[in-house]
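What follows draws every value from the coordinates through simple rules; no lab data is involved. Remember, it's a predicted structure, so these values are computed and weren't measured experimentally. Cβ sites come from the backbone with ideal geometry, for glycine too, and all protein chains shown count toward neighbours.
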Amino acid sequence: MLGRMLLTLDALGMCFGTIVADCFNETHMFNPRWRPHAKFHNAQTVFLAVILSGLTMYYTWREAKTPELRREFIFASAVTGSIYWIAGLLSILPPGTMGVDPEFAGPGFPQGKIFVGFMSAGLLGAWLEYR
């Protein structure tokens, strides 16, 4: 049960954390200096996080008829629960990217720790359920 709870924490952090961080503050969707196309990609990222969160919850709590199927569901939860975080961690690598714009005290990558924390919770949860 602890494993499922950690996967749920991962999914909820992905869904609600992304909505709060990327939609409801002045750094992203309500930043008047952002171009419409940048806001499009922001919305795309938010919707991807919501979809992956839903899939993570679905496979975490879906009933399985066999232990083998249960393991497959947990593996699917681990994948869907970590894709967003991995992409977020990799996003700092291309030249010219920053985790925080200069107008908001950048450069920096404070969300990196959050990404690692939620991803670790999900992967640990999957491991606890899978073994």
*Which residue, MET98, MET119, MET57, tops the fluctuation ranking in a GNM of the chain built on C-alpha contacts under 10 Å?*
MET98
_With angles folded into 0 to 90 degrees, how steeply does helix 36-61 sit against the dominant principal axis of the chain? Use alpha carbons for both and round to 10._
10 degrees
*For the chain, find the longest principal axis of its Cα atoms and tell me its angle to the long axis of helix 111-130, 0 to 90°, nearest 10.*
10 degrees
*So how far apart, in nm, are the two label points at LEU2 and VAL20 if each is 7 Å from Cα heading toward Cβ?*
2.5 nm
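At a 10 angstrom cut-off on C-beta neighbours, averaged per residue, how do the peptides 78-89, 23-34 rank from highest to lowest?
Highest-to-lowest ranking by the protection proxy: 78-89, 23-34.
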*Taking N as the number of residues in the chain, what is its Cα Rg relative to 2.2 N^0.38 Å?*
1.16
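So if the hydrodynamic radius of the stretch 38-90 is defined as the Kirkwood radius over C-alpha pairs, what does Stokes-Einstein give as its diffusion coefficient at 4 °C and 1.567 mPa s, in µm² per second?
108 µm²/s
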